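See below for the structure under consideration.
Coordinate-derived values only; no laboratory data. Treat the numbers as computed from the prediction; the structure is a model and nothing was measured. Here the Cβ is made from the backbone with ideal geometry for all residues, glycine too, and neighbour counts use every protein chain on show.
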Amino acid sequence: MVKKLTKTFVDSIPYPEQGQTFYRDSEIKGFGLRVGATSKVYIAENKVNGKSVRVTIGKHGIYTAEQARSQAREILLKISKGVNPNDEAKEQKARSMTLQNVFQDYLEARKSLKPRTIYDYRRIMGTYLAVWNNKPIAEISKDMIAKRHAELGKTSKAQANLAMRFLRALFIFAAGQYEDSKGQALIPDNPVRRLSQTRAWYRMERRQTVIKPHELAPWFQAVMNLKNDVKGQNRETIRDYLLLVLFTGLRREEAASMTWSNVDLRGKTLKVTDTKNHLDHTLPLSDFLYDLLQQRKDSAVNEYVFQRASGMGRITEQRKQMAKVIEESGVSFTIHDLRRTFMTVAESLDISAYAVKRLVNHKMNNDVTAGYIIADVERLRAPMQKITDYLLKCAAINPATGNI
């Protein structure tokens with residue numbers, strides 16, 4: 001219906017039982033009223049570049065008919081100049097999005113993130129980037145980033161780089177997430193590029209530490225000396241955890257979160273399903289690992305291979321017992337050093353590169369030949385046993401008896 005929209009007329013319009021009814025103003029083309037089951041809302045609409053654009057002005061009662069008419073004139077004037085007011089509002093909202101807002105949207109969009117990854121991201125946001133959490137992301141400048149990177153670098157160059165790489169990811173996400181009606185990014189510039197343009201990233205040498213062959217005997221002895229007592233009832237569990245990581249090359253969380261449902265003692269295999277590259281990883285058990293897991297299975301109290309002494313959940317902290325091993329053996333190490341040691345030993349034994357990659361679950365996307373090689377678990381059994389025998393020999397362990 002076309003009629004001049006006045007307070008009297010709008011008040012007289014009944015609410016439809018269902019759907020919506022539109023009324024057009026007879027004086028200003030493009031000014032109208034949308035009536036629903038419970039509300040009457042003033043609108044302005046026209047075309048921008050051949051595309052219909054409708055802008056909500058506000059509810060009748062909050063706006064009078066004359067106030068809405070005046071607002072409609074301003075909106076329609078913008079539209080006549082090719083400006084989409086909805087894009088303006090959308091852009092203004094996007095530019096007011098704080099870093100914390102963007103981070104929350106990022107987490108919602110990345111549904112496959114692992115709990116540990118989310119924990120690490122929250123730690124970065126809560127420490128290194130906390131000064132900007134409530135700041136609109138569009139207001140974070142190149143100069144601010146360069147200054148913050150330098151400040152963080154005074155304490156830890158590695159953490160400074162880590163924080164800025166994550167911030168760069170948030171800007172990339174924002175550029176794709178927040179667009180106008182034409183598909184143009186509302187936050188197109190990534191100010192973290194300043195660090196690349198000025199070559200300000202800290203140069204970090206990749207850690208290459210491993211437990212050397214001559215260090216394995218004292219390390220192994222110190223690990224085996226971890227015994228439960230009143231003060232520490234998880235020591236033997238952490239002992240077995242450290243041994244499993246060394247003899248499998250699994251990552252920290254892959255080993256710590258392992259459940260009995262993924263251990264097949266009859267088939268002598270274990271499977272990791274929540275891996276870094278999202279590919280299930282099945283390994284054969286060497287004789288040493290089979291015996292270790294069989295003993296743990298006999299005393300299992302919950303679904304986790306490395307359960308807490310309380311019987312609730314799994315182990316999450318190993319540093320205290322690792323410190324004991326380091327102090328007693330004189331061999332400094334991290335959990336990832338054990339993984340590197342496994343890989344280094346495997347390569348030193350002339351095990352094929354493809355077998356080594358399968359054993360440590362590395363992707364081979366760029367290797368055409370690897371795509372034609374099917375390395376099932378049984379083909380990995382001999383290499384796995386070979387690595388185990390070498391480690392035991394270096395640790396001065398008799399493979400047949402397991403004794404030093």
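Points worth noting:
- Of Pro136, Gly50, Thr21, farthest towards positive along the dipole that unit charges on Lys, Arg, Asp, Glu beta carbons give the chain: Gly50
- Between Ser299 and Val2, the simple spin-label model (points 7 angstrom out along Cα→Cβ) gives 8.9 nm.
- Quotient of Cα Rg and 2.2 N^0.38 Å for the range 30-143, N being how many residues it contains: 1.53
- Within the range 29-179: Cβ-based charge dipole about Cα centre, in debye rounded to nearest 20 (Lys, Arg +1; Asp, Glu -1): 260 debye
- Relative contact order of the range 128-216, taken over Cα pairs closer than 8 Å and 6 or more residues apart, is 29 percent.
- Isotropic mean projected area of the C-alpha convex hull, the range 1-57 (nm²): 4.2 nm²
- Cα-centred dipole magnitude for the range 292-331, charges only on beta-carbon of K, R (+1) and D, E (-1), debye, nearest 20: 80 debye
- Distance histogram for the range 41-103 (every C-alpha pair counted, 5 angstrom bins, percent rounded to whole numbers): 4, 17, 22, 18, 16, 11, 8, 3, 0
- Separation of the Ala200 and Ser156 label points, Cα + 7 Å toward Cβ, nm: 2.1 nm
- Summarising the amide proton neighbourhood of Lys40: residues at separation of 5 or more, or on other chains, whose placed amide H is nearer than 5 Å comprise His60.
- For the chain, radius of gyration divided by Kirkwood radius, i.e. Rg to Rh on alpha-carbons: 1.19
- Leu113-Asp280 FRET efficiency (beta carbon distance; Förster radius 22 Å; 0.05 resolution): 0.75
- For the chain, the longest principal axis of the C-alpha atoms and the axis of helix 85-95 are separated by about 30°.
- If you take the Cα centroid of the range 1-54 and the Cα centroid of the range 328-344, the two points sit 73 Å apart.
- For the chain, with +1 on Lys and Arg beta carbons and -1 on Asp and Glu, the positive-most of Ser96, Leu216, Ala255 along the dipole: Ser96
- Highest-fluctuation residue, Asn49, Asn134, Asn86 considered, GNM on the chain with Cα pairs under 10 Å: Asn49
- Mean separation of Cα contacts under 8 Å, 6 or more apart, over the residue count of the range 1-157: relative contact order %: 14 percent
- Peptides 66-74, 106-114 ordered by average Cβ neighbours within 10 Å, highest first: 66-74, 106-114
- FRET efficiency for the Glu139 to Met312 pair, using the beta carbon distance and R₀ = 35 Å, is estimated at 0.15.
- For peptides 192-204, 324-336, sequence by mean Cβ density within 10 Å, most packed first: 324-336, 192-204
- Zone residues, the range 80-98, relative to Thr56, backbone N less than 16 Å from point 7 Å out along Cα-to-Cβ: 85-91, 93
- Counting only alpha carbon atoms, the long axis of helix 157-177 and the longest principal axis of the chain meet at about 40°.
- C-alpha long axis of helix 319-329 to longest principal axis of the chain, angle in °: 30 degrees
- Calculated mean residue ellipticity at 222 nm for the chain: -14000 deg cm²/dmol, from DSSP H runs with n ≥ 4 weighted as -39500 (n - 2.57), summed, divided by the residue count and rounded to 500.
- Among Ala169, Ser286, Leu33 - extreme Cα towards positive end, dipole of the chain, charges at beta-carbon: Leu33
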